[in-house]
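The values are calculated or read from the model by the stated rules, or taken from the named source; none is laboratory data. Just so it is clear, the model here is predicted, and its values are computed rather than measured. Just so you know, the surface numbers come from the protein's heavy atoms only, side chains and all, with ligands and any DNA or RNA stripped out. Shrake-Rupley method; radii C 1.70, N 1.55, O 1.52, S 1.80 Å.
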Amino acid sequence: MPTPPSRRRSGAGASAQVMADAIRAEERRKQHRTASWVLPVSSVPSAIAAYLTADVADWRAGSAVFVIAMAAVLRRLYRSKGSSWATGAAGERRTRRTLAPLVWFGIGRWVVLHDRQIPRSRANLDHLVIGRSGPSYIDTKSWRSKSSKVRIDARGSLWYGRYPQQRAVATVVWEAQRAAEVLGHPVRPIIAVHHAAIPRGGLVSDGVTIVQATELRRHLRSLPTEPGWNRRRIRAAARLANVRLRPAA
């Protein structure tokens, strides 16, 4: 995903969250401008309704009607539409929490880097995992519809419900290739999906493995060990990645 020009945050989902914050700030500015004329206009019918209620009942009931009516207007005015950036950032943070035990209990056998800038590109890597099986790149997807089926068609193309995902698959392949250029070693591309159901054991499309995010640790641990990827080489690859793949935000 493209990275916004900000250095205020760091860690998993940081660059997506910066973009989400910028979109939310602009949304809030528009809401303030709308509220500057909607609230005065809305106060007139609310006041009339309150007056009529007070005339029938008492002033307390009339005041309650006015407050409830204006609160409903405010809630409608300032309701956030949300954004795919915010959803993506939250998904990346969940993936970070999923991957954390690899480092905590791995005794030097795993290194995990999050939200890294691809050199000479606006794109970033969501998660880079380096272990005994070599390096793997994990791209997080937050596909929120649990009823939409994730599947591979007869041509080997990935679908999420009725939406084709081959462009997303091609992007993940490209990102893994850029990471491989930095590390000087092939990088395994993986998509970790939150919410939407993935068949147990995962799917494969154009060399990209698609797994349920909750199964990600198990999948990584099940990968075959590559010769030469001992703790020393893992640390060396991590140092190289830290130098050449800077934090995206």
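Mind listing the long-range amide H neighbours of Leu125? Cut-off is under 5 Å, sequence gap 5 or more, other chains count too, H placed in the peptide plane at 1.01 Å from N.
Close amide H contacts, sequence-distant or interchain: Arg116, Gln117, Ile118.
Is the C-alpha gyration tensor of region 96-223 telling us rounded, prolate or oblate? Criteria: a/c under 1.5 is rounded; beyond that, a/b larger than b/c is prolate, otherwise oblate.
oblate
How much accessible area per residue does region 166-230 have, in Å², with a 1.4 Å probe?
Solvent-accessible surface per residue comes out at 49 Å².
Using a 1.4 Å probe and ignoring any ligands, DNA or RNA, find the accessible area of Asp58 and quote it in Å² to the nearest 10.
For Asp58, the solvent-accessible surface is approximately 60 Å².
Provide Tyr51, Tyr160 ordered by accessible surface of protein heavy atoms (probe 1.4 Å), highest first.
Tyr51, Tyr160
How much accessible surface area, in Å² rounded to 10, belongs to the heavy atoms of Asp139 with a 1.4 Å probe?
Roll a 1.4 Å probe over it and Asp139 shows about 10 Å².
Remind me, what semi-axes does region 201-249 give for its equivalent ellipsoid, largest first in whole Å, using sqrt of 5 times each Cα gyration tensor eigenvalue?
Square roots of five times the eigenvalues give 25, 17, 11 Å.
Keeping all protein chains in position, work out how much accessible area Arg244 exposes to a 1.4 Å probe, and write it in Å² to the nearest 10.
About 110 Å², ignoring ligands and nucleic acids.
Semi-axes of region 155-249's equivalent ellipsoid from the Cα gyration tensor, sqrt of 5 times each eigenvalue, largest first, rounded to whole Å?
They are 26, 17, 12 Å, listed largest first.
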